[in-house]
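A.B. asks: Take a look at this one; I'll ask things after.
Bear in mind these aren't lab numbers, they're just calculated from the coordinates by the rules spelled out. Computed from a predicted structure; not experimentally measured. Glycine also receives a Cβ, built like all others from the backbone with ideal geometry; neighbour counts cover every protein chain displayed.
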Amino acid sequence: MIVTTDWLNENLEQAAIFDCRFNLADPAEGAALYEKSHIPGAYYAHLDHHLSGEKGQGGGRHPLPDMTVFQAFMESCGVSDDTPVVAYDDGVSMFAGRLWWLLSYAGHQNVFILDGGFSAWTEAGLPVTDEKPERRTGRLTLELQEDMAADAEEVASGSALLIDSRASERYLGETEPLDRVPGHIPGAINRFFGEAMEKGKWKPASEQKKRFAGIDRDKPIIVYCGSGVSATPNIIALKQAGFTNVKLYPGSYSDWSSDELRPIETERHDIFDK
């Protein structure tokens, strides 16, 4: 799921590359950075425009896009069923992770994240450009992997272990800058997504296993965050650690907390309490 800068540099002509840099506080910043410089051949994938759908009463702050629209966008960038796809951001991996998850959810089996993102690429002295690639035509089969996503009803059922990927202070309800009420979904444990990496580089599988030590590998896991974006690195980390029954709650806490009838907790839980 992770490729190095060396690998990408050797496969620039074969891969479809997507620049996913984004700033939640300034939605225009990522596109501006792309316009200034990006990896040669990369297309820009905007979190709000390409990787999310229209906001409504439910679905959270970054609801899933219409997957046929997403399919068309991928095809316009030359993605076909056999095309290797590499996504990158500035190294935080949650925006690249969103594209990785969406394309995997669409049924594409050949999508990767660039380890270290654009920062690692430039630090390695590899080429950048401000030229945009021409639009292409791909043929991408849409085969939705429904078992990759969970809705609020499944989250509420108690059938799966819930992992909250947000920072501890948001999980505990000490602060909540974005959503209606602070706290977390009842019973969830907390594993901050940023701990999957160190200085922008992905930790090895052995370290990911330590992060999730004690979790029953046979138990279903549902991962969430604020809006279904920063949860994706934890999903990748769980897969690195050998877990297979892992789902994303796309609406995440922003969807859950939007309903006043749903319960909220601020008490810390951990796997060892289960």
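A.B. asks: Using the Cα centre of segment 149-273 as the reference point, and only Cβ charges (+1 on K/R, -1 on D/E), how large is the resulting charge dipole? Debye, rounded to the nearest 20. Intermediate values should be presented prior to the final figure.
C.D. replies: Details: 16 positive and 20 negative charges, 160 e Å.
Taking the Cα centre of segment 149-273 as origin, the dipole is about 760 debye.
A.B. asks: How big is the chain in terms of Cα radius of gyration and Dmax, in angstroms?
C.D. replies: Answer for the chain, Rg first and Dmax second: 18.1, 54 Å.
A.B. asks: In Å and whole numbers, how far do the C-alpha atoms of segment 149-273 stretch along each principal axis, longest first?
C.D. replies: The Cα atoms of segment 149-273 stretch 40, 31, 26 Å along the principal axes, largest first.
A.B. asks: Right, here's the next one. Using only the Cα atoms of segment 2-144, build the gyration tensor, take square roots of its eigenvalues as a ≥ b ≥ c, and label the shape rounded, prolate or oblate: rounded if a/c is under 1.5, else prolate if a/b is larger than b/c, else oblate.
C.D. replies: oblate
A.B. asks: If you don't mind, another one. Going highest first, how would you order 171-182, 234-245 by mean Cβ packing within 10 Å?
C.D. replies: The peptides rank, most packed first, as 234-245, 171-182.
A.B. asks: Exceeding 29 Å between C-alpha atoms, which entries from my cross-link table qualify? They are 199/247; 36/209; 55/199; 55/209; 209/247; 36/247.
C.D. replies: 36/209; 55/199; 55/209; 36/247
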